[in-house]
1. Scaled to the compact-protein estimate 2.2 N^0.38 Å, what is the alpha-carbon radius of gyration of region 210-332, rounded to two decimal places?
2. Given the whole protein assembly as supplied and a 1.4 Å probe, what does the accessible area of TYR222 come to in Å², nearest 10?
3. Using +1 on the beta carbon of Lys and Arg, -1 on that of Asp and Glu, and nothing else charged, what's the dipole of region 270-365 about the Cα centre, debye to 20?
4. If R0 is 25 Å, what FRET efficiency do you get for THR136 and ALA173 from their C-beta distance, rounded to 0.05?
5. Taking amide H positions as placed in the peptide plane 1.01 Å from N, state which residues far from ILE194 in sequence (5 or more) or on other chains have amide H under 5 Å from it.
6. How much of the pair distance distribution for the chain lies past 36 Å, counting alpha-carbon pairs only, in percent?
7. Please find the FRET efficiency linking LEU253 to SER299, where r is the Cβ-Cβ separation and R0 is fixed at 41 Å, and quote it to the nearest 0.05.
8. Compute the projected area of the convex hull of the Cα atoms of region 268-316, averaged over all viewing directions, and report it in nm² to one decimal place.
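The values are calculated or read from the model by the stated rules, or taken from the named source; none is laboratory data. Note that the coordinates shown come from a computational prediction; the quantities given were computed from them, not determined experimentally. No Cβ is skipped: glycine too gets one built from the backbone with ideal geometry, and neighbour counts run over all protein chains shown. Heavy atoms of the whole protein, side chains included, go into the accessibility calculation; ligands, DNA and RNA do not. Shrake-Rupley method; radii C 1.70, N 1.55, O 1.52, S 1.80 Å.
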Amino acid sequence: MTDRTLPTRTAVFEKRLKQRYASERRFKALGLGAIAFSVLVLLFLLGTMTINGIGGFQRAELEVPIDFTEVGIAGNAIPMQERAAVEALGAQGLQTVVEFSAGQALGEEAARQLDPNAWREVARAIVADESILRGTTTFELPASSDLAAGYAGEGSPEMRVLAAELGERGVLAENFDPGFLSRADATNPQQVGIWGALKGSILTMLVTLALAFPIGVLAALYLEEYAPRNRWTDVIEVSINNLAAVPSIIFGLLGLAVFLWIFPNLRSAPLIGGMTLALMTMPVIVIAGRNAIKAVPPSIRDGALAIGASPVQVVFHHVLPLALPGILTGTIIGMARALGETAPLLMIGMRAFIATPPEGFTSPATVLPVQIFLWSDEVNRGFIERTSAAIIVLLLFLLLMNGLAIYLRNKFEKSW
């Protein structure tokens, strides 16, 4: 009977073995399929943003030659500071000169479609190089939003016809707009820039990092290395875990009720925004820090104590350096989450129209996500491409932060 059952058992074993191998192959196929799907979705997102955002880095410009030898603008009367110099040139009639030259070169109808603030770009060019006043210079000046829409095939039929005529003459074209990276918000999509919001984001993130990182790391060290294991410690741990899951808008309400009550004159300032985001980021840093500290082998602590190190030296000379890669990775991920937040910053008033970049931590400012939200709500279709371009800048900023996290993790990572 044993000889007869042996082949049967072998066949059953082989059948089960084949089923296990088939199950493993299906699992691998599902894993590869999930990765491929994620990559395709990411490529679709990046491709869509790139296609829509390329036009956001361009603007419609009119070619206007200006002969300064006959206009009588005095270069020696220009102040040293750029803002004062631009206003001084405006007082000398530069705007009239630009409009007259545009009428002579383009025609009166086309000259009326020049952006009203185009003369300021001419003024900044003169401030940068006063030799322009001694000859004839051709400027690429922004067109009005109506003419830009007509050049893109939208808007009124009259604007489309005029844009087509100017394009055939070679005096109207879409050119790369470097000022998009150096200007602040504006009411005209031809004049908007991202630098004001980007600088506001940088200042806000600096405040967030300066507050959340040291407090979060010290809290993680205390809870993991020094805190006694009792009921109160358990309450603190549960509270921290709950705070990490609280919706971000709740922190915005807290910032509105506390920080703006303490500092009522700093509404929409990066200082208030950074303090609000620090409250939201700190629990994430504490949790990541505790996990990184737990990963340090106990033998490191025992060895340090055995050679005479004090408990404080064990923590700061051995445990913390070994846990630093994990702490930094968690910190950067938390900061990246804070960078993309909009709701808490809207609650504290960082949605104001800011026409100039913030000068410091207490100046009125906005941030990239809020700027994207505001532009996406505009009626003018010229803001659509600018919104996509701003999203590309935000994605590059996030990519830079994640790359920094990988670099720091590899730099400080140690093996044992």
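1. 1.24
2. 120
3. Computed charge dipole of region 270-365: roughly 200 debye.
4. Computed FRET efficiency for THR136 and ALA173: 0.80.
5. Correct list: LEU181, SER182, ARG183.
6. 49
7. For LEU253 and SER299, the calculated efficiency is 0.30.
8. Directional mean of the projected Cα hull area for region 268-316 stands at 4.4 nm².
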